[in-house]
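Asker: Supplied in structure tokens, the structure appears directly below.
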Amino acid sequence: MTYLNTAAEGIPPLAVGAAYQEYFKDLQFGMDGRRAHYARHAALRESAGRLLGLCADEIGICSCTSEAYNLVSMAIQLQSDDEVVINDLDYPASTTPWMQPVSPATVKIWRSREGALRVEDLLPLLGPRTRLVCASLVSFYNGFKVPLAAIVDAIRQHSSALFSLDVTQALGRINFDINGVDLVISSTHKWILGPHGGSIVGVPACRSLEWTVPAGGWFNLKDAFGPGRFDSAPESKPGAASFMVGMPNFGSVYAVHAAIEYISAIGVTAIAAVADPLVAACVEELQKLPVDLLTPNEPDALAGILAFRHAAADAIHEQLRANNIHVMNEVGRIRLTFHGYNTAADVEKFLSILSQALASV
């Protein structure tokens, strides 16, 4: 199999399957197994923190990124005179919470040009009413990697807004520094090669008050079972801990921890050293073919994802699948990805079959 679809689903290492078995073994002890469950939960927060450059107390674990973003909307408590900036290269999970009728803020859209988000186009959207700016480090749509440091500088110079960064399409694949980022969120079933049922939420300690979720639950509360619990709502734990509202998905916790340990043992630098040249080689050849390349061919803007359009995308996709080449096809857009388990032979096979398909449609 030539697997070029990690941006949708990462292929988990065997250690992830073994972790599920370990969870089941601990589960056989009933309540006594929870000691092992909570220990693994703490270990995951520590390992995820290391990967992001945070400490364990600055990490929360949700069930998915959509849950995390809806909890973010509760934490920030937007008002009618607030403004939120989103962009047209982002996934719905990070954009739609602010577009719901219950959200009173005005939404402004940072629009891409030729597949790229330019900082100069962000500046006019920032001002004294800007409360939140949301962006992804790497776009799920076309793989564009934003100039993170320049965005942070622009937000700090032109507003007092909080900055939320989604690293779902970056974590485990490229190195990055979240200095200046106020909130970081990632799913677990893509580049870190973990399972569904998890989302990593990073809240720097200096921003714990801004990102404390006033949600019902128990795991997220300071004294959920205290004597006054029916007199008033128990207080939320601050920051990252407030995003963990109920019983953790311990099966996923074991598996995500195993995936992060696997990625960390190899090292993101080593992964990038293998995968980055594959991306560069592939985009160079795609430029020579009769396709509408959606990914800006700018070295600093390339990560692990490439995307293009073609009127016969469905037929092209069928020919790729017939040759056991797995890519994403969505509404005429074909997206392919390169991770540490891909090789130059994968690039050659993809380009060869793609060229044949283009000649036949």
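The values are calculated or read from the model by the stated rules, or taken from the named source; none is laboratory data. Note that the structure is predicted; figures quoted are calculated from it, not measured. With ideal geometry, Cβ positions are generated from the backbone for all residues, glycine too; neighbour counts draw on all protein chains shown.
Asker: Looking only at region 330-345, count how many residues are in contact (Cβ under 8 Å) with a residue 24 or more places away in the chain and assigned to a loop (DSSP other than H, G, I, E, B).
Answerer: Count: 6.
Asker: When both residues are 6+ apart or on different chains and their Cβ atoms are under 8 Å apart, which pairs have a first residue that lies in region 312-329 and is over 11 Å from Ala357 (Cβ atoms), and a second that is of a type in the set (Asp, Glu) and surrounded by fewer than 17 Cβ atoms within 10 Å (Cβ to Cβ)?
Answerer: Here the result reads Asn329/Asp314, each pair linking region 312-329 to a residue that is of a type in the set (Asp, Glu) and surrounded by fewer than 17 Cβ atoms within 10 Å (Cβ to Cβ).
Asker: Further, regarding this structure: Among the residues of region 83-125, which ones are farther than 19 Å from Asp166 by Cβ and crowded, with 18+ Cβ neighbours inside 10 Å?
Answerer: Glu83
Asker: Going by what's in this entry, would Leu89 be described as outside any helix (DSSP H, G or I) and either in contact (Cβ under 8 Å) with a residue 40 or more places away in the chain or hydrophobic (A, V, I, L, M, F, W, C) (or both)?
Answerer: Taking the combined requirement at face value, the residue satisfies it.
Asker: Now, a different point. Of the residues that sit in region 126-148 and are in a loop (DSSP other than H, G, I, E, B) and polar (S, T, N, Q), which one is surrounded by the fewest Cβ atoms within 10 Å (Cβ to Cβ)?
Answerer: Asn142
Asker: Could you pull out the residue among Ala322, Ala357, Ala313 that is modelled with pLDDT of 95 or more, touching a helix residue (DSSP H, G or I) at 6+ places or on another chain (Cβ under 8 Å), of a type in the set (A, V, I, L, M) and over 25 Å from Pro13 (Cβ atoms)?
Answerer: One residue alone meets the criteria, Ala357.
Asker: Still on this structure, I have one more. Among the candidates Ile151, Ile174, Ile192, which residue alone is surrounded by fewer than 24 Cβ atoms within 10 Å (Cβ to Cβ), assigned to a loop (DSSP other than H, G, I, E, B), at pLDDT 95 or above and in the same structural domain as Cys64 (by TED's automatic domain parsing)?
Answerer: It is Ile174.
Asker: Checking the structure you have, find out if any residue of region 237-251 is charged (D, E, K, R) and within 19 Å of the chain's Cα centre (by Cα).
Answerer: No, because not a single residue in region 237-251 is charged (D, E, K, R) and within 19 Å of the chain's Cα centre (by Cα).
Asker: OK, next. Exactly one condition in (1) within 30 Å of Arg50 (Cβ to Cβ); (2) surrounded by 15 or more Cβ atoms within 10 Å (Cβ to Cβ); (3) outside the structural domain of Leu193 (by TED's automatic domain parsing) is false for Pro299; which is it?
Answerer: Answer for Pro299: the failing condition is (2).
Asker: Something else now. Under 6 Å by Cβ, and 6 or more places apart or on different chains, what pairs join a residue from region 346-361 that is closer than 15 Å to Leu336 by Cα with one that is among the aliphatic types (A, V, I, L, M) and part of a helix (DSSP H, G or I)?
Answerer: Between residues of region 346-361 that are closer than 15 Å to Leu336 by Cα and residues that are among the aliphatic types (A, V, I, L, M) and part of a helix (DSSP H, G or I), the close pairs are Val347/Leu278; Val347/Ala281; Ile353/Leu320.
Asker: Only one of these conditions is not met by Lys288: (1) surrounded by 14 or more Cβ atoms within 10 Å (Cβ to Cβ); (2) not assigned by TED's automatic domain parsing to the domain that holds Thr188. Which number is it?
Answerer: (1) is the only condition that Lys288 fails.
Asker: Hey, could you check region 58-69 for residues that are in a helix (DSSP H, G or I) and either surrounded by 17 or more Cβ atoms within 10 Å (Cβ to Cβ) or free of Cβ contacts under 8 Å to residues at least 24 places away in the same chain (or both) and say which is nearest to the chain's Cα centre (by Cα)?
Answerer: That would be Thr65.
Asker: Same structure, new question: Residues that are within 22 Å of the chain's Cα centre (by Cα), farther than 16 Å from Ala357 by Cα and small (Gly, Ala, Ser): does region 332-344 have at least one?
Answerer: yes
Asker: Ok, one more. Right, Val184: touching a strand residue (DSSP E or B) at 6+ places or on another chain (Cβ under 7 Å), surrounded by 24 or more Cβ atoms within 10 Å (Cβ to Cβ) and either in contact (Cβ under 8 Å) with a residue 12 or more places away in the chain or in a loop (DSSP other than H, G, I, E, B) (or both) or not?
Answerer: Yes; evaluated as a whole, the condition is true for this residue.
Asker: Here are the criteria: (1) assigned to a loop (DSSP other than H, G, I, E, B); (2) under 25 Å from Tyr91 (Cα atoms). Tell me which single one Pro290 does not satisfy.
Answerer: Against the list (1) assigned to a loop (DSSP other than H, G, I, E, B); (2) under 25 Å from Tyr91 (Cα atoms), Pro290 comes up short only on (2).
Asker: Right, Thr168: crowded, with 21+ Cβ neighbours inside 10 Å, of a type in the set (S, T, N, Q), farther than 21 Å from Ser264 by Cβ and at pLDDT 95 or above or not?
Answerer: Against the criterion (crowded, with 21+ Cβ neighbours inside 10 Å, of a type in the set (S, T, N, Q), farther than 21 Å from Ser264 by Cβ and at pLDDT 95 or above), Thr168 does not qualify.
Asker: I need the full set of residues from region 110-130 which are among the aliphatic types (A, V, I, L, M) and farther than 23 Å from Leu293 by Cβ, in order please.
Answerer: Those that are among the aliphatic types (A, V, I, L, M) and farther than 23 Å from Leu293 by Cβ: Leu122, Leu123, Leu125, Leu126.
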